[in-house]
Amino acid sequence: MLRCQGLLTIMRDTSPVIRSRSIIRNTVLNYSGQAYVMLVGILIMPFYLGHLGAEAYGLIGFFTLLQAWLQLLDAGLSPRLVRAVAHQQGTPVSEKSLGRLLRSFELIFLPITMLCGLLVHVASPWIAAQWLNANTLQPDTLAHCITLMGIVIALRLYSTLYKSAIQGLEQHAWLNAANVSIATLRYFGGLLLVSQFSRDPQDFFVFQLVVGLLEALLFASKARRQMPAPRWLTGLDWQLIKPLLPFAASLSLSAVLWIVLTQVDKVLLSNLLPLDQYGYFSLVALIATGIVMLSNPLVQTLLPRLTVLVAEGRRDDMHTLFLAANRLACTFLFPLAGVIALYA
């Protein structure tokens, strides 16, 4: 409880609007939602492995790898949108400005997602024939699956835009409920498909494409209701976007370094290992990286709140909140990491 004292102090000192959006409540919601998505994603994978076989499961591992690298196309825009929306929440701006901000980011993300899908489609024959070492799956099947991966990743990348907007509005309860629902459909629906209907990896990725489309539509409809554009054909508002680019560029550099350091081994092994062995490696890597994901919910809660405090000129409160959250994270995450390392 002493670790939470700083958090509770900030909550007592805030206005009724901010107090109603409890940091503790949002953090619990984010951890609950993230824990569900992470645990389901880990626990369901051995069943995928059993029903699809090691080689087809290796494609799922390659799909995860491809998704991580293509997040570079985000170029730091998603976290910048969170910060921009949260900043406007703490300043006397009209809802109309939020709508223009969302529409501007939509117009930026559209060519990025189209480029993502196109790049994967063009490269799919070469990846299938030259990069992946498959023994039973035919190159045409691999190429088709990789093309489907590109479309799914493009849809998820576009969904990230709307998730960031909703996160900036601090609507964590709705966001986590939606994430849990989508994860349930994605993982358990996929398991039902491969266990009862078809073990063809092409059918599996078609199903993932349908789920990705539903996900994008769900988050887009929610974000647009909360941040309506003044006109349907509203274009890019350069005056709103221009000040955001330097911060986005700095985040992009950090993302590049993080992905290179954590994913380059997986890239090399996807070429060096047979696809079936790469499937087993992907399962182990998924379990090992679970601890890293535990910091995400706290970040999702803190980023909008810290931005609001800065926008209101309350820098001392911002520093107090950040330090209290840092102590809280260290209290829980360091012992957990030690236990996992001890019993690995």
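The values are calculated or read from the model by the stated rules, or taken from the named source; none is laboratory data. These numbers were taken from a predicted model, which means no experiment stands behind them. Don't worry about glycine lacking a Cβ; one is built from the backbone with ideal geometry, like all the others, and counts go over all protein chains shown.
Quick grid of which residues meet (1) surrounded by fewer than 16 Cβ atoms within 10 Å (Cβ to Cβ); (2) of a type outside the set (A, V, I, L, M); (3) without any contact (Cβ under 8 Å) to a residue 12 or more places away in the chain:
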{"position": "Arg100", "(1), (2), (3)": "no, yes, no"}
{"position": "Leu107", "(1), (2), (3)": "yes, no, no"}
{"position": "Met114", "(1), (2), (3)": "yes, no, no"}
{"position": "Leu132", "(1), (2), (3)": "no, no, no"}
{"position": "Asn135", "(1), (2), (3)": "yes, yes, no"}
{"position": "Ala143", "(1), (2), (3)": "no, no, no"}
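Annotation: His144 fulfils all but one of (1) assigned to a helix (DSSP H, G or I); (2) at pLDDT below 95; the unmet one is (2).
Each row is one residue, and each column tells you yes or no for (1) of a type in the set (Lys, Arg); (2) within 30 Å of Thr136 (Cα to Cα); (3) under 13 Å from the mean Cα position of the chain (by Cα).
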site: Leu157; (1), (2), (3): no, no, yes
site: Tyr162; (1), (2), (3): no, no, yes
site: Gly168; (1), (2), (3): no, no, no
site: Gln171; (1), (2), (3): no, no, no
site: Tyr187; (1), (2), (3): no, yes, no
site: Pro201; (1), (2), (3): no, yes, no
site: Val206; (1), (2), (3): no, yes, no
site: Val211; (1), (2), (3): no, yes, no
site: Glu215; (1), (2), (3): no, no, yes
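Every test in (1) more than 19 Å from Pro274 (Cβ to Cβ); (2) outside any helix (DSSP H, G or I) is passed by Ser164 save one, and that test is (2).
Within the stretch 259-277, the residues that satisfy the criterion of being modelled with pLDDT under 85 and surrounded by 13 or more Cβ atoms within 10 Å (Cβ to Cβ) are Ile259, Thr262, Gln263. In contact (Cβ under 8 Å) with a residue 24 or more places away in the chain and aromatic (Phe, Trp, Tyr), is that true of Trp174? Yes; evaluated as a whole, the condition is true for this residue. Every test in (1) assigned to a loop (DSSP other than H, G, I, E, B); (2) at pLDDT 90 or above is passed by Met149 save one, and that test is (1).
Tally time: how many residues in the stretch 192-231 are of a type outside the set (D, E, K, R), assigned to a loop (DSSP other than H, G, I, E, B) and either under 23 Å from Ala154 (Cβ atoms) or modelled with pLDDT of 95 or more (or both)? Total meeting the criteria: 2. Close contacts from the stretch 178-205, counting a first residue that is over 20 Å from Glu55 (Cβ atoms) and without any contact (Cβ under 8 Å) to a residue 40 or more places away in the chain and a second that is of a type outside the set (A, V, I, L, M, F, W, C) and assigned to a helix (DSSP H, G or I), with Cβ to Cβ under 6 Å and a gap of 6+ residues or different chains, come to Ile182/Glu215. The set of residues from the stretch 46-75 being of a type in the set (Gly, Ala, Ser) and in a helix (DSSP H, G or I) comprises Gly50, Ala54, Ala56, Gly58, Gly61, Ala68.
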